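Undergrad: Pasting in a structure now, in structure tokens, and then I'll have a few things to ask.
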Amino acid sequence: MVNMDRAAGALVGMASGDALGAGYEFGGPLPDGAVVDMIGGGAFNWDRGEWTDDTSMAVPILRELAAGEGLDDEATLGRIAGEWQTWAATAKDVGSQTRQVMSLMSEHTEVAARQAALAVHTRSGRSGGNGSLMRTAPVALGYLDDPEGLALAARRISDLTHFDEDAGDACVLWSLAIRAAIVEGRLVIREGLEFLRPERRARWAALLDEAEREHPRDFENNGWVVEALQGAWSAITNGDSLVDVLERAVRGGRDTDTVAAIAGGLAGAFYGVSAVPTRWQRELHGWPGLRYADLVELPTLAVRGGVPTAAIDYTSYGDITSLARHPFDEGVWLGGVGILSSLPSDVDAVVSLCRVAGTPSGISPADHVQVWLIDQVQPSANPHLDFVLAEAADAVAALRAEGKTVLLHCAQGMSRTPAVGAVYAVRHLGVSPVDALAAVEGALPLGNVNAAFRAAVLGLSIADTVDDRVRGDREEP
């Protein structure tokens, strides 16, 4: 069974890195430890949390896979190229090489795109920009059980706009690494060298060695696909979490959104979507009107070859209509998923701890936070459990600070809801872990926190308490 946390992580990680780097593009390197956030603005006046051309060009690839189409089909590639050309006509930012190819493409076909790419290469003598590597993250989703097919598809998609062999090589290496991260949970890249032409393998091995010795800022020409890959791989090998990787990529400077998007595709596939901060989830959006939830749902469809995931019938769980006020904050409701169809009149924000279809009626998409938390005790189910519990609690606190009344819910209000409700009380209301867990669990008729969540809550200390003023200082540039 495919690990969907990691599969979705590839797309959300890519988009997160893209949006994180957007406001810093074309700037110089930042000092180690400098604050990095989704500030928006930049050379193209991006909205806060808006992704750029990197993710926008990946979306048509992802949507074809989500529709069950294969990337080895000429008609599919023609549709992708056609969407790119249509998008490029009004996009805020399009890479210079890609823009030239789009302007020369005579019709929406694979042949026309490849001919235009060759013409650009012939005219300029080079076409090794990073524009095909930046969009490659979704390609792996269609070939998780077929590394040879993936290598062919990655190069074929690259060749639609980038004739240079370096660009194709980079997409092959990166796509195969994303596949290994999703399928096997391994962070490897050199295994992809065997899918390159023999005479090119030693050079790429040396380039990877260099990336591991240096830091992202050391690759000054990161608009070139080789140094973009090196900068991204350097960020990954030096980082110890998804957030750390993406911040390192952005601090490298220059083509910040693209290097961070490239790094995010692979780091997200390794760490999973559960490693993405909820504050990024709320802000993430971009062409063509998609948000975080779409970048979770579309990879699911892509992995399943276009077959929708069966909706969960929560009525089979038993009582899903539990509802109670949080014992330490009357602005927070605690309950089960059944409450979504008849929200309390004062609720204007929702934090979902189980999978739900769409945003509840009357709730803004930015005020609906969906948390990847599995109600199981084995560590593999929630590899970032402490992080996820804290992020979910912090999402509640952020919404409350905005004046929202929040519904915090899981399937039955049994385990996940009281666990997060207790963490919220500890981190933001100054309640002791023992008192918080007892009171929140007792407020819900089915409250029964599982052993893993219970241990995580009781392991909190005063050091885990968040001072809202300090947290705000840390998140704002």
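None of the figures in this text is laboratory data; all of them are computed from the coordinates on show. Keep in mind that this is a model prediction, so the values were computed, not measured. Positions of Cβ are generated from backbone atoms using ideal geometry, with glycine treated the same way; all protein chains shown enter the neighbour counts.
Undergrad: Could you give the angle, 0 to 90 degrees to the nearest 10, between helix 385-401's Cα long axis and the longest principal axis of the Cα atoms of the chain?
TA: 70 degrees
Undergrad: Going toward the positive end of the dipole of segment 4-303, with +1 on Lys and Arg Cβ and -1 on Asp and Glu Cβ, which of 115, 236, 302 do you reach last?
TA: Selected residue: 115.
Undergrad: Could you list 56, 361, 175 so that the one with the fewest beta carbons within 10 Å of its beta carbon is first and the one with the most is last?
TA: By the 10 Å Cβ count, ascending: 361, 56, 175.
Undergrad: Could you sort the peptides 154-165, 377-388, 7-18, 399-410 by per-residue average Cβ neighbour count (10 Å cutoff), highest mean leading?
TA: 7-18, 154-165, 399-410, 377-388
Undergrad: How big is the charge dipole of segment 251-399 about its Cα centre, in debye rounded to the nearest 20, if each Lys and Arg gets +1 on its Cβ and each Asp and Glu gets -1 on its Cβ?
TA: For segment 251-399, the charge dipole is close to 420 debye.
Undergrad: Report, for the chain, the % of DSSP beta bridges that are antiparallel, rounded to 5.
TA: Around 40 percent antiparallel, to the nearest 5.
Undergrad: Then there's this: If you place +1 on the Cβ of every Lys and Arg and -1 on the Cβ of every Asp and Glu, how big does the dipole about the Cα centre of segment 1-132 come out, in debye to the nearest 20?
TA: Here segment 1-132 has a charge dipole of around 380 debye.
Undergrad: Okay, next question. Over what distance in Å are the Cα centres of segment 423-452 and segment 2-46 separated?
TA: Here the answer is 34 Å between Cα centres.
Undergrad: Moving on to the next point. If you place +1 on the Cβ of every Lys and Arg, -1 on the Cβ of every Asp and Glu, and leave all else neutral, what size is the dipole of the chain about its Cα centre, to the nearest 20 Debye?
TA: The dipole magnitude comes to about 180 debye.
Undergrad: Another one. Against the longest principal axis of the chain, how steep is helix 256-271, in degrees 0 to 90 to the nearest 10, with axes from Cα atoms?
TA: For helix 256-271, the angle is close to 60 degrees.
Undergrad: Can you list residues whose amide H is under 5 Å from residue 336's amide H, if they're 5+ apart or on another chain and H is modeled 1.01 Å from N?
TA: Amide H neighbours of residue 336, under 5 Å, 5+ apart: 322.
Undergrad: What does the helix-only formula give at 222 nm for the chain: each DSSP H stretch with n ≥ 4 adding -39500 (n - 2.57), the total divided by the residues, and the result rounded to the nearest 500 deg cm²/dmol? Please report the intermediate quantities before stating the final value.
TA: Values: 18 runs with 237 residues, N = 477.
Calculated from helices alone, the mean residue ellipticity at 222 nm is -16000 deg cm²/dmol.
Undergrad: To continue, here is another question. What order, most packed first, do the peptides 35-46, 57-68, 178-189 have when packing is the mean number of other Cβ atoms within 10 Å of each residue?
TA: Descending mean neighbour count gives 57-68, 178-189, 35-46.
Undergrad: What FRET efficiency, computed as 1/(1 + (r/R0)^6) with R0 = 45 Å and r the Cβ-Cβ distance, is obtained for residue 194 and residue 401, rounded to the nearest 0.05?
TA: 0.30
Undergrad: May I pose another question? Just round it to a whole percent: the fraction of Cα-Cα distances in the chain exceeding 35 Å.
TA: Tail of P(r) above 35 Å: 32 percent of Cα pairs.
Undergrad: Let me have the relative contact order for segment 314-475, percent, based on Cα pairs under 8 Å that are six or more residues apart.
TA: Numbers: 299 pairs, mean separation 42.3, N = 162.
It comes to 26 percent, rounded to a whole number.
Undergrad: I would also like to ask the following. Work out how much length residue 309 to residue 43 would gain on full extension: take 0.36 nm times their residue separation and subtract the Cα-Cα distance, in nm to one decimal.
TA: The span from residue 309 to residue 43 would gain 91.8 nm if fully extended.
Undergrad: Which is farthest toward the positive dipole end of the chain among 450, 149, 259, measuring Cα position about the Cα centre, with Cβ charges +1 (Lys, Arg) and -1 (Asp, Glu)?
TA: In the chain, that residue is 149.
Undergrad: Taking 8 Å as the Cα distance limit and 6 or more residues as the minimum spacing, I'd like the relative contact order of segment 109-262 as a percentage. It would help to have the intermediate numbers written out before the result.
TA: Working: 234 pairs, mean separation 32.8, N = 154.
It comes to 21 percent, rounded to a whole number.
Undergrad: Continuing with this model, one more query. What angle do you read, to the nearest 10 degrees and between 0 and 90, between the alpha-carbon axis of helix 4-22 and the longest principal axis of the chain?
TA: For 4-22 against the chain, the angle is about 70 degrees.
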